[in-house]
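Here is the structure we will look at, set down as structure tokens.
The values are calculated or read from the model by the stated rules, or taken from the named source; none is laboratory data. Note that this is a predicted model, so its numbers are computed, not measured. Cβ placement follows ideal geometry from the backbone for every residue including glycine, while neighbour counts extend to all protein chains displayed.
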């Protein structure tokens, strides 16, 4: 048995050839459903405690390992557009399942908490960042403090001054958009400028000379990064 990824909240291990296990430090019912019922984790099943998933795959790696392998193969850290499209399909499927079927959302995305399955599917394992959505207000509660290193912050999370606070469930869309730009560029200088200037529109300017400019993924990102939270969308046309 070998450890692939370990954080304070979960551990991913290889049990034997083509068999893997994810162990959460507490019940992860909603997150596990988002991975199994969407078939992001192939041949997966959970125990009755909803703290452990076992699944089959040819390969499982961290997003960091995926980046390193890409750099060795292609000589650069930024990820190809075709790989970004795969990531969009997986992560939006997981997020949409949570919102539409479990009335849950994701507070934010951290590249350190994403695994890559068979070089085709991507899964976020941040159980502690899954929050309940109030059906009437469409808001989710944040009850503990976060640091900007914990995940990519949306504008509304940057503005939080007291706890508990409430944010719209589409806050996840913004964080996902930042994650994708980070992978496209291979660095986070754009994010540092955004944190300093508090202007979301600055991030897209970093893509002005990128091959993705004016593509459907570029417009997907532009819809994720709208400052007015309720106007954000996940349409990849």
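Return only the number of the condition from (1) free of Cβ contacts under 8 Å to residues at least 40 places away in the same chain; (2) more than 20 Å from residue 91 (Cβ to Cβ) that residue 26 does not satisfy. In the conditions (1) free of Cβ contacts under 8 Å to residues at least 40 places away in the same chain; (2) more than 20 Å from residue 91 (Cβ to Cβ), residue 26 misses (1) alone. Those strands (runs of 3 or more DSSP E) of region 1-53 in which at least 2 residues are over 23 Å from residue 132 (Cα atoms) and touching a helix residue (DSSP H, G or I) at 6+ places or on another chain (Cβ under 9 Å), considering only elements entirely within it, cover 2-6. When 34, 82 are checked against the criterion of being surrounded by 13 or more Cβ atoms within 10 Å (Cβ to Cβ), out of contact with any strand residue (DSSP E or B) (no Cβ under 6 Å at 6 or more places or on another chain) and within 27 Å of residue 217 (Cβ to Cβ), 34 stands alone in meeting it. Checked against the criteria, residue 90 does not count as modelled with pLDDT of 95 or more, more than 18 Å from residue 10 (Cβ to Cβ) and either out of contact with any helix residue (DSSP H, G or I) (no Cβ under 7 Å at 6 or more places or on another chain) or buried (at least 19 other Cβ atoms within 10 Å of the Cβ) (or both). Set side by side, the residues 193, 135 differ, and just one is surrounded by fewer than 20 Cβ atoms within 10 Å (Cβ to Cβ) and either in contact with a helix residue (DSSP H, G or I) (Cβ under 7 Å, 6 or more places away or on another chain) or farther than 25 Å from residue 28 by Cβ (or both), which is 193. Residues of region 144-166 that are within 20 Å of the chain's Cα centre (by Cα), surrounded by fewer than 18 Cβ atoms within 10 Å (Cβ to Cβ) and assigned to a loop (DSSP other than H, G, I, E, B): 144, 145, 146, 147, 148, 149, 150.
Which one is farthest from the chain's Cα centre (by Cα), of the residues in region 207-237 that are in a loop (DSSP other than H, G, I, E, B), under 19 Å from residue 82 (Cα atoms) and modelled with pLDDT of 90 or more? For region 207-237, the residue satisfying everything is 207. Among the residues of region 111-132, those that are surrounded by fewer than 17 Cβ atoms within 10 Å (Cβ to Cβ) and not in a loop (DSSP other than H, G, I, E, B) comprise 112, 132.
Residues are listed down the side, and each one gets a yes or a no for (1) within 17 Å of the chain's Cα centre (by Cα); (2) assigned to a strand (DSSP E or B); (3) within 23 Å of residue 58 (Cα to Cα):
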| site | (1), (2), (3) |
| --- | --- |
| 84 | yes, no, yes |
| 96 | yes, no, no |
| 109 | yes, no, no |
| 135 | no, no, no |
